[in-house]
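Working notes, structure below.
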Amino acid sequence: MMRRWPFFLIGLLAACGGAEEPFDPETALYDPSLATLRAPESFRVRFETTQGDFVVEVHRKWAPHGADRFYNLVRMGFFTDVAFFRVIRGFMAQFGMHGDPEINKTWMRAFIRSDPTRESNRRGRITFAQAGNAESRTVQLFINYAHNANLDRDFAPFGEVVEGMEVVDSLYAGYGDEAPGGSGPAQGRLLYEGNAYLKRFPELDYIRRTVLVE
């Protein structure tokens, strides 16, 4: 399964904060060392996308390091104008590579510590992707379309979609995986060319922004 659907991820971010930040969000996007905020034990984030809105509820106890990284990315505004670049029906929707190549390169080695898997990769669960092992997580994520229990050994969910799963289901999946399995964007080119490269894939859906709602 992992050979068929590899999670070769790099790292990036975008979202919208609330409250006064302990860092300048724009500057922080170029300095992963500032991503040190501890996430609340539970919080919600609204994703405003080109297909509509959905809400993710995060449970820090499921995967603390993953929850903390996601919280920091949201507070920094990382996910604004970020594409769902790899959407495979019946499997998952993947995102997290930034439209600015310089930000991509900044985060590609900003690894976070591993989390043991405490919850299964059920439909609607959100999880950090990785490049071969749990110590390689950075900023790429995926939302499960099915109960992908085969991923539980290596991939630790930290939250779940609690509103608007029909929006996630509606994300454009016509490109599928990258070649040779599909006709979707190549992650290597997306890393170094950003959203300028994604203009070759006009049907892709995007996150307009993310907003902390609780």
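Values in this text are rule-based calculations from the coordinates and carry no lab data. Keep in mind it's a predicted model, so treat the numbers as computed, not measured.
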Cα principal axis extents for the range 159-214, largest first, Å: 38, 21, 20
Three principal axis lengths of the range 46-96 [C-alpha, angstrom, descending]: 29, 25, 16
For the chain: relative contact order, % (alpha-carbon pairs under 8 angstrom, 6 or more apart): 32 percent
Fraction in percent of alpha-carbon pairs per bin - 5 Å, the range 104-214: 2, 10, 17, 20, 22, 20, 8, 1, 0
Principal axis box of the chain, alpha-carbon based, largest edge first, Å: 44, 36, 32
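With runs of 4+ DSSP H residues as the only contributors, calculate the mean residue ellipticity of the chain at 222 nm using -39,500 (n - 2.57) per run, divided by the residue total and rounded to the nearest 500.
Working: 6 runs with 40 residues, N = 214.
Per the formula, -4500 deg cm²/dmol.
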